[in-house]
Amino acid sequence: MELVRHTIGRYVQPTEAEWARILPCWREFVFSRGAVVSAVGRIEQNFYIVKSGVQRLSFPFDGKDICVGFAYNGSWSGEYASFVTRTPARFEVAAVTDSELLGIGYSDLQQLYSELGIMERFGRLILEELLAGRAAREVEQLSLSAEERYERLLKRSPQLLQLVPQKDIASYLRMTPETFSRLRRKRW
Amino acid sequence: MNTALMLDALADKVHRQRARAMEIANLPAEQLLHRPAPGAWNTLEVMEHINLSSSMYVRGLEAVFRRDAAKYRPNTAFKPGYLGNWFTQGLQPGADGGIRWKMRTLKHFDPARQHGASLESIGKFIELCNRLLALLEQAHHTDLNKMRVASSLGPIIRFKAGDALRFPVAHQERHFLQIERMLSLVK
């Protein structure tokens, strides 16, 4: 639970009494690599903080899985859109490596939002962050070349290349595995 | 063999496996995720493997019991089928506690090639034990020689109901030995 405290503490500073209310709402989840964290078509029950491991967010399209993002230590995980709208998930979240997640259920989080003003503020801040991140990625997708997007990824999350299968990274960068492998060779 | 003694011995094993699973569910994640070798299964994957295999027998037995169990009078003797006995014996650890046969896992029962394993796999196993225990209870009131269930070894091999109870319990026992060995590596 140290991680929950640390992660929320990056945004807001609850009092000890508030922490005593917040922390017990979080539970530990453990997924072995390859396990589905959230399945397409099911309503996401939890909002997660990643304690360890990498998860892939992908969506099935045209018989393929298109990878749209990764979650790793300290970041959020889960199918957020489904979680907030209470509608069936369109994305799949799967553990790429063995993963430990800390999760809070929908009703618990709503309860905390309505009881504690500071938690509502926390909710607003992460939403702003998620939205800004989404916008930045959209710009990247639309304006950068495949090579530039690869450079950007290397700089931002170099550890990802060690942990995630190349085909997922290629899919994330919207290139074929062949193009990706050519790019890599060119660099080394 | 005496049916009642056999069923009681099986129920006893399942009770112990279930109790142990409840303890294992509370172990730290590092222990549950520990792999003894890079490509090897961790404890959660072994649990999910058990679930994939045992649930086949549990579902098969539930269906055949529902349909036919009431038709037969209780039989105090169970005579294992040739194949059922052979495969169940083959699962038993040797006198030294070592695994006698090495077996290759069928793709169907490999969690990595199905939906993967998680902490929930342990909860599912406990649930499966409850259903097995209910079946072991019902089994006293029918004839386990008379009904047959598809085995996990392919559609051609069908086990007598009694063997379809013995096999998954022995299979679970074998994998619990594996789990204990793995857990002892990371304390």
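Readers should treat all values here as calculations from the given coordinates under stated rules, not as data from a laboratory. Because the structure is a prediction, the values reported are computed rather than measured. So basically every Cβ, Gly included, is an ideal-geometry build from the backbone, and we count neighbours across all protein chains shown.
Over the stretch A:60-138, the ratio between the Cα radius of gyration and 2.2 N^0.38 Å evaluates to 1.24.
Here r is the Cβ-Cβ distance between A:Leu3 and A:Arg156 and R0 is 30 Å; the resulting FRET efficiency, rounded to 0.05, is 0.90. Translational diffusion of the protein assembly as shown, estimated by Stokes-Einstein from the Kirkwood radius over alpha carbon pairs at 4 °C in a medium of 1.567 mPa s, is 55 µm² per second.
Given the options B:Ala37, B:Ala70, B:Ala112, state which has the largest fluctuation in a GNM of chain B using a 10 Å cut-off (strictly under) for Cα springs. The residue that fluctuates most here is B:Ala37.
Is the shape of chain A best called rounded, prolate or oblate, per the rule: a/c under 1.5 gives rounded, else a/b larger than b/c gives prolate, else oblate, with a ≥ b ≥ c the square roots of the Cα gyration tensor eigenvalues? Don't skip to the answer; put the middle values down first.
Values: a/c = 2.00, a/b = 1.81, b/c = 1.10.
Taking the square roots of the gyration eigenvalues as a ≥ b ≥ c, chain A is prolate.
Amide H contacts of B:Met147 (H built 1.01 Å from N, in plane; Pro and chain starts excluded): B:Ala161 sit under 5 Å, all sequence-distant by 5 or more or on other chains.
Need the full-extension length gain, B:Glu173 to B:Arg16, defined as separation in residues times 0.36 nm minus the C-alpha distance. One decimal, nm.
On the way: separation 157, 0.36 × 157 = 56.52 nm, distance 0.99 nm.
Difference between extended and current length: 55.5 nm.
Summary value for chain B: 39 percent relative contact order, contacts being C-alpha pairs under 8 angstrom separated by 6+ residues. Roughly how far apart, in whole Å, are the Cα centres of the stretch B:137-171 and the stretch A:150-188? Cα centroid to Cα centroid, the span is 51 Å.
Tell me, what is the FRET efficiency for A:Glu140 and B:Leu185 to the nearest 0.05, using R0 = 45 angstrom and their Cβ-Cβ distance as r? Could you put the intermediate results ahead of the total?
Details: r = 44 Å, r/R0 = 0.97.
So, using R0 = 45 Å, E works out to roughly 0.55.
Couplings for the stretch A:30-35, taken from phi via the Karplus curve 6.51 cos²θ - 1.76 cosθ + 1.60 with θ = phi - 60°, read 10, 10, 7, 4, x, 6 Hz in order; Gly and Pro are left as x. The simple spin-label model puts a point 7 Å past each Cα toward its Cβ; for B:Glu62 and A:Glu128 those points are separated by 5.1 nm. What relative contact order, as a whole-number percentage, does chain A give when Cα pairs under 8 Å and 6 or more residues apart are counted? So the answer I get is 24 percent.
Starting with the fewest neighbours, write out A:Ile169, A:Ile66, A:Ile118, B:Ile50 ranked by other beta-carbon atoms found within 10 Å of each beta-carbon.
On the way: A:Ile169 22, A:Ile66 14, A:Ile118 17, B:Ile50 26.
Listing A:Ile169, A:Ile66, A:Ile118, B:Ile50 from fewest to most nearby Cβ atoms yields A:Ile66, A:Ile118, A:Ile169, B:Ile50.
Highest mobility in the GNM of chain B, judged by mean-square fluctuation with C-alpha springs under 10 Å and restricted to B:Val64, B:Val169, B:Val149, is found for B:Val64. Remark on A:Ser75: its backbone amide H falls under 5 Å from those of A:Val50, a criterion applied only to residues 5 or more positions apart or on other chains, H modelled at 1.01 Å from N. A Gaussian network model of chain B, with springs between Cα atoms under 10 Å, assigns the largest mean-square fluctuation among B:Glu23, B:Glu120, B:Glu62 to B:Glu23.
Report the calculated FRET efficiency for A:Cys25 and B:Arg131 (r = Cβ-Cβ distance, R0 = 41 Å), to the nearest 0.05.
Numbers: r = 32 Å, r/R0 = 0.77.
Computed FRET efficiency for A:Cys25 and B:Arg131: 0.80.
For A:Asn73, project a label point 7 Å along Cα to C-beta. Then give me every residue of the stretch A:147-172 with its amide nitrogen under 19 Å of that point. Only A:154-165 pass the distance filter.
Rounded to the nearest 500, the 222 nm mean residue ellipticity of chain B from helices alone is -19500 deg cm²/dmol, with -39,500 (n - 2.57) taken per DSSP H run of at least 4 residues. For chain B, compute the orientation-averaged projected area of the C-alpha convex hull (one quarter of its surface), in nm². If I average the Cα hull's projected area over directions, I get 10.5 nm². In terms of other Cβ atoms within 10 Å, B:Asp163, A:Asp98 run from fewest to most in the order A:Asp98, B:Asp163.
Going from the residue with the fewest nearby Cβ atoms within 10 Å to the one with the most, A:Phe59, B:Phe125 rank A:Phe59, B:Phe125.
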